[in-house]
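See below for the structure under consideration.
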Amino acid sequence: MNICFFINDEKGLLEPQNDIMATAMLVVGFVVFAAIMSEAYIVYDHNSHALENYEDASRIAESLASSDLLYDNENGVISADALDHLCNPEKGKYSKQILFSSLSAGFTYTVEVYTQCNEHRWILKESENMKYFSNEVIAASVPVVIEINPVESVPGVLCVRIWN
């Protein structure tokens, strides 16, 4: 007798439609949650990669700023004559190899030294195939003092840019 009432009960006819709506809402919620989590992971991965490259660029810049090849004198000021020598393709090739030999060759990077007033600029290392890389650049710089001549020293910047 109870089975007959169960089959003839009209309340049960609407119940499967409610389950379909609840399941659809659950699936939509899960898809939105998955999309948010994947976007958060992509942003985290990008930022951690940028931080690693910044640390590498900073390490390279500090290493170059402390290199003895950039100094002609003992007063702790980078010499413009030494920079001119390094930038000369004929004279500075061997010195440049010594300067960059201790640094990682796994990066595509450029190194520039310039005065803050932009009167003087030296490109110590320029990547050959920069046009094939993306526009994403991670840069780190170190403040330096550059001796233009024996009576003039100006503030400058040693900048390292890593190309991705």
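The values are calculated or read from the model by the stated rules, or taken from the named source; none is laboratory data. Just so you know, these numbers come straight off a predicted model, no measurement behind them. Virtual Cβ from ideal backbone geometry, glycine too; neighbours counted across all protein chains shown. To get the accessible areas, we keep the full protein, side chains included, count just its heavy atoms, and leave off ligands, DNA and RNA. Shrake-Rupley method; radii C 1.70, N 1.55, O 1.52, S 1.80 Å.
A few points about this structure:
- In this structure residue 30 has an accessible area near 130 Å², from a 1.4 Å probe over the protein heavy atoms.
- Accessible carbon and sulfur surface of region 34-163 relative to its total accessible area, %, 1.4 Å: 51
- Rounded accessible area of residue 163 (nearest 10 Å², 1.4 Å probe): 60
- Whole-number accessible area per residue in Å² for region 34-163, which is evaluated in the context of all protein chains at 1.4 Å: 62
- Cβ crowding within 10 Å averaged over residues, with 56-69, 37-50 ranked highest first: 56-69, 37-50
- The value of relative contact order for region 34-163, using C-alpha pairs under 8 Å at least six residues apart, is 29 percent.
- Exposure of residue 91 as accessible area (Å², to 10), given a probe of 1.4 Å and all protein chains: 140
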